[in-house]
Amino acid sequence: MPTTRDETSPAAPTAAVRQKIPGTRDSSLGSFFRPKTVAVIGASEKPGGVGRALIENLGTFTGALYPVNGQRDTVFGRKAYKTIGAVPTQVDLAVIATPAPTVPGIIRECVAAGVKAAIVISAGFKEAGPEGIALEAQILEATDGTPLRVIGPNCLGVMGPHVSLNATFSKDMPRTGNVAFLTQSGALGTAIIDWSLKEKVGFSAFVSIGSMLDIGWGDLIRYLGDDPNTHSIMIYMESVGDAPAFLAAVREVAPVKPIVVIKVGRTDAAAKAAASHTGALTGSDEVLDAAFKRAGVLRVSTIEEFFSIAKMLAKQPLPRGPKLSIVTNAGGPGVLATDMLVECGAQLAVLSPETIAELNKVLPPHWSHSNPIDILGDADAPRYAAAVAVAAKDPGADGVLVILTPQAMTDPIATADLLRTYARMEGKPLLTSWMGGTRAKTGRVILNEAGIPMFDYPDEAARAFANMWHYTESRLPRAVPEVAEKPAPFVPEPDEAKVTDLIASVRRRKGTLLTEYESKQVLSLYGIPTVETRLATTVEDAIRAAESINFPVVLKLHSDTITHKTDVGGVKLNIRDAAEVRAAYSAIEAAVKAKHGTGHFQGVTVQPMVMLKGSELILGSSLDPQFGPVLLFGAGGVLVEVFKDRALGLPPLDPYLARRLMEQTKIFKVLKGVRGRSSVDMAALDQILVRFSRLVAEQRWIKEIDINPLLASPERILALDARIVLHDPDVRAEDIPALAATL
């Protein structure tokens, strides 16, 4: 891309008040999790007060603790200091719990005192309206260019279980463990902590992130990615914040540590009018899904799934493959688990002949002889243990789920006790579902204590296994798409400079809509094949163009103001002679003038009538305010909004990412060939998507772009229609959302 700043080369977005490079490592974050000295500003003995809760909760902290209170000499017997500057020692972490209007001044005092990190518990900031927003701006101004980092405001606080740090006003401290939990909801955070104590799930870190004034998801993910005590990261997210920084951090950390997100706000916002097909189809939550998939984030939809995965990550290894063996004493629960497993994209393991032979030795004659392994309702603890031992050794199984239903001969406690032997299987997670109430309770406790995740219902366990497999799958090396059967024709490198000049000429005439003729020029310059298109501003020009192209031809409206030609009768197909050209030209001109008046008809384009049989696709892009350009691929044509068979992705693409994007649609199976139809040249289609994504990434003055239809047949792939919309002339380069992803 051009590096000079001019009207055709948008500069990077201006930085926020606090100048930071997104995703850079910042060692000062260690002061939040492993401080040696902590000061509580607003410490008090007031019953029910946050300042009191903080002092009490930090009572177990092994470092030095300093209360700061301008009105008291002591707090719970500890010497209190009037200001942070009066504390006689360097303070690593300041926890602030004073009224919002006082916080900017306190932050300035922290900067002067050399404090490394601050947690602002106080509420009353941007959630309170303009006055709170102004207070946040003052905090940013005070910390600009300084080492001080800030978590919050309006947050619960931070916990570091490995150093007995509870810098929150939540009384319970989780067990030490290897799961880091980040949340934008303090209330949900306290519920998670309570749940973790019951389920024996330990945390390496707990952060209530608040409004992310300074420190955001990207900062924390990068820090925790380097933390040896953290093996996985769980996130409850209400807003993404700095999307490029988030994606950059996830891209680095997710390949080595699972990142699981539950993002609320999935429902569509009120629909708004959009001129572009792509603009009308892309929605913020769909874009978020696409971004998460690109970055390797595992997204879940419910709190139940969130808890289930937390148990799995805390206690068991990741599966190496998608195949699960199920051991059960009842057929029904095994079928429920199977249905969920398959629906979630995993598989039942196929038992090897050797495994079946071994099971025949330890099970009654009437066992199921297949997976699920039904060991019958009278199964005792030794039978369960023997079946699990055999199932776990099967090389075709990537995990084992054990289901127990409380039948007369069942001993939930003894069975759980025997299964503790299999709590640590290399590369194979063990999951259990002890169904029932009172009789199953003690067995559940035994399994939890042994580090074996326990689920109330077997379908819940199957879904957790499938989710873990999908994370493993996202880490696998990229497969190279198959090579085309015939060599692709040589396509020169995109002529970026010519496209830049063409777009600049449109902007100089204060236009935002490229004509179809101009749009196809842009595509051709990026090596995307387009149907031959000739411009005719008079009926005689149209006749000459049609005779040169050879009949039959298509006439389409040429206009730099009208968005969709078919809506105004601006497309005439299968024209077979000069008389029909004359009639079609006149009909289009009359229809446009009747609907829009004079000045909107600038002639027609003349194109050959393409007689190929193939699939109509749509390939488009529009801008998301957080993630920048977003790609859309799917079934195209005039019914694109009806069928809604589409997938979203982020540019740029390589052939692997292009293929994965297409695989998410139903039309992909048609493109590969069905019911005797030949496949299209998939490798060539991969390259078209790659080049289109490059166009979107490099030409940032483009706001929206559609190729609809992109005709894909076994003989050739051809863009039959195209439409490009630019940003408004008054839009500044620095206001255009940046590209969020990289290869």
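Hey, can you tell me all the residues within segment 261-288 that are crowded, with 19+ Cβ neighbours inside 10 Å and modelled with pLDDT of 50 or more?
V261, I262, K263, V287, L288 - these are the residues of segment 261-288 that are crowded, with 19+ Cβ neighbours inside 10 Å and modelled with pLDDT of 50 or more.
Just one of the numbered conditions (1) modelled with pLDDT under 95; (2) out of contact with any Cys (no Cβ under 7 Å at 6 or more places or on another chain) is not true of A113; which one?
Condition (1) is where A113 drops out.
The rows are residues; the columns are (1) closer than 22 Å to I309 by Cβ; (2) out of contact with any strand residue (DSSP E or B) (no Cβ under 9 Å at 6 or more places or on another chain); (3) part of a helix (DSSP H, G or I); (4) free of Cβ contacts under 8 Å to residues at least 40 places away in the same chain.
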{"residue": "H369", "(1), (2), (3), (4)": "no, yes, no, yes"}
{"residue": "L401", "(1), (2), (3), (4)": "yes, no, no, no"}
{"residue": "R420", "(1), (2), (3), (4)": "no, yes, yes, yes"}
{"residue": "G427", "(1), (2), (3), (4)": "yes, yes, no, no"}
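Restricting to segment 545-567, name every residue that is in contact with a His (Cβ under 7 Å, 6 or more places away or on another chain) and either part of a helix (DSSP H, G or I) or of a type outside the set (S, T, Y) (or both).
I562
Which condition from (1) at pLDDT 95 or above; (2) surrounded by fewer than 17 Cβ atoms within 10 Å (Cβ to Cβ) is the one that A346 breaks?
Result: A346 passes all but (2).
Right, P395: over 27 Å from F307 (Cβ atoms), under 37 Å from the mean Cα position of the chain (by Cα) and surrounded by fewer than 17 Cβ atoms within 10 Å (Cβ to Cβ) or not? If you could, list the steps in order and put the result at the bottom.
Numbers: over 27 Å from F307 (Cβ atoms): yes; under 37 Å from the mean Cα position of the chain (by Cα): yes; surrounded by fewer than 17 Cβ atoms within 10 Å (Cβ to Cβ): yes.
Yes; evaluated as a whole, the condition is true for this residue.
Being closer than 29 Å to D735 by Cβ, touching a residue at least 40 places away in the same chain (Cβ under 8 Å) and crowded, with 24+ Cβ neighbours inside 10 Å narrows it down to one of L632, L617, so name that one.
After ruling out the rest, the residue left standing is L632.
Give just the number: which of (1) without any contact (Cβ under 8 Å) to a residue 40 or more places away in the chain; (2) farther than 27 Å from R175 by Cα; (3) not β-branched (V, I, T) does D144 not satisfy?
All conditions pass for D144, except number (1).
Quick check: is even one residue across segment 234-252 within 23 Å of N448 (Cα to Cα) and not in a strand (DSSP E or B)?
There is no residue in segment 234-252 that is within 23 Å of N448 (Cα to Cα) and not in a strand (DSSP E or B).
What number of residues within segment 368-383 satisfy the criterion of being touching a helix residue (DSSP H, G or I) at 6+ places or on another chain (Cβ under 6 Å), more than 18 Å from P353 (Cα to Cα) and crowded, with 24+ Cβ neighbours inside 10 Å?
Residues in segment 368-383 being touching a helix residue (DSSP H, G or I) at 6+ places or on another chain (Cβ under 6 Å), more than 18 Å from P353 (Cα to Cα) and crowded, with 24+ Cβ neighbours inside 10 Å: 0 in total.
Pick out the one residue from G30, G70 that is modelled with pLDDT under 95 and in contact with a Ser or Thr (Cβ under 8 Å, 6 or more places away or on another chain).
G70
So A387 passes all but one of these: (1) small (G, A, S); (2) modelled with pLDDT of 95 or more; (3) not assigned by TED's automatic domain parsing to the domain that holds L447. Which condition number does it fail?
Here A387 meets the rest and fails (3).
Out of all the residues in segment 452-466, is one or more surrounded by 15 or more Cβ atoms within 10 Å (Cβ to Cβ), assigned to a helix (DSSP H, G or I), at pLDDT 95 or above and among the aromatic types (F, W, Y)?
Yes, that holds for at least one residue.
The values are calculated or read from the model by the stated rules, or taken from the named source; none is laboratory data. Please read these numbers as outputs of a predicted model, since none were measured by experiment. Neighbour counts run over all protein chains shown; Cβ positions are idealised from the backbone, glycine included.
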